[in-house]
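Heads up: the structure comes next, in structure tokens.
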């Protein structure tokens, strides 16, 4: 076996692992199944990733590394709170629509390993809401927004954007829609969520 890891092979492994983790979850996934999905043998898989945990973290980190800098940039740019809410919501929903496994990944891993997020927090580009909180306080002071704590507003934004992806089977059953209609419902939420939040906090 070559001692040089090939980036193409690694990409194939990560894509295969992503599909298996999405279908089976962290606990239900098996390394042999991931190797089969990637069309390689298990020894090759272990050469690239010694354990399922390391593979999971690589899959998660690859996706999170694409999303986190975008969200961090929005939270810390010079736009108004209203523009931030609209941009955050639109970007998040667009990204998660392409990576629908990610919210479930996060929740599963936090339940299984609460310290996992501490590793992610140390990574460059992890979202920082301090500027966002100060901006909210200033817009409240200037009579633009109703009084609300920055942390609570951030949680509201995250919750309204994340929940439909985490609970998609439940939502489809409740509102009696198929996958195609659900995709449109999620797309509509780019404006629905932003409007709902903004209308609730405007002075």
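The values are calculated or read from the model by the stated rules, or taken from the named source; none is laboratory data. Note that the coordinates shown come from a computational prediction; the quantities given were computed from them, not determined experimentally. Every residue, glycine as well, gets a Cβ built from its backbone with ideal geometry; the counts of neighbours run over all protein chains shown.
Observations on the structure shown:
- When the stretch 42-54 is filtered for residues that are surrounded by 16 or more Cβ atoms within 10 Å (Cβ to Cβ) and under 22 Å from residue 107 (Cα atoms), only 52 remains.
- Against the conditions (1) more than 15 Å from the chain's Cα centre (by Cα); (2) under 23 Å from residue 84 (Cα atoms); (3) part of a helix (DSSP H, G or I), residue 154 satisfies every one except (1).
- Test: residue 143 is outside any helix (DSSP H, G or I) and at pLDDT 95 or above: yes
- Flag if residue 148 is over 17 Å from residue 104 (Cβ atoms), part of a helix (DSSP H, G or I) and in contact with a helix residue (DSSP H, G or I) (Cβ under 7 Å, 6 or more places away or on another chain): no
- Per-region count, the stretch 67-90, residues within 21 Å of residue 200 (Cα to Cα), within 20 Å of the chain's Cα centre (by Cα) and touching a residue at least 24 places away in the same chain (Cβ under 8 Å): 7
- Filtering the stretch 87-100 for residues that are touching a helix residue (DSSP H, G or I) at 6+ places or on another chain (Cβ under 6 Å), over 23 Å from residue 164 (Cβ atoms) and surrounded by 15 or more Cβ atoms within 10 Å (Cβ to Cβ) leaves an empty set.
- The residues of the stretch 1-41 that are more than 29 Å from residue 169 (Cα to Cα) and surrounded by 16 or more Cβ atoms within 10 Å (Cβ to Cβ), listed by number, are 9, 40.
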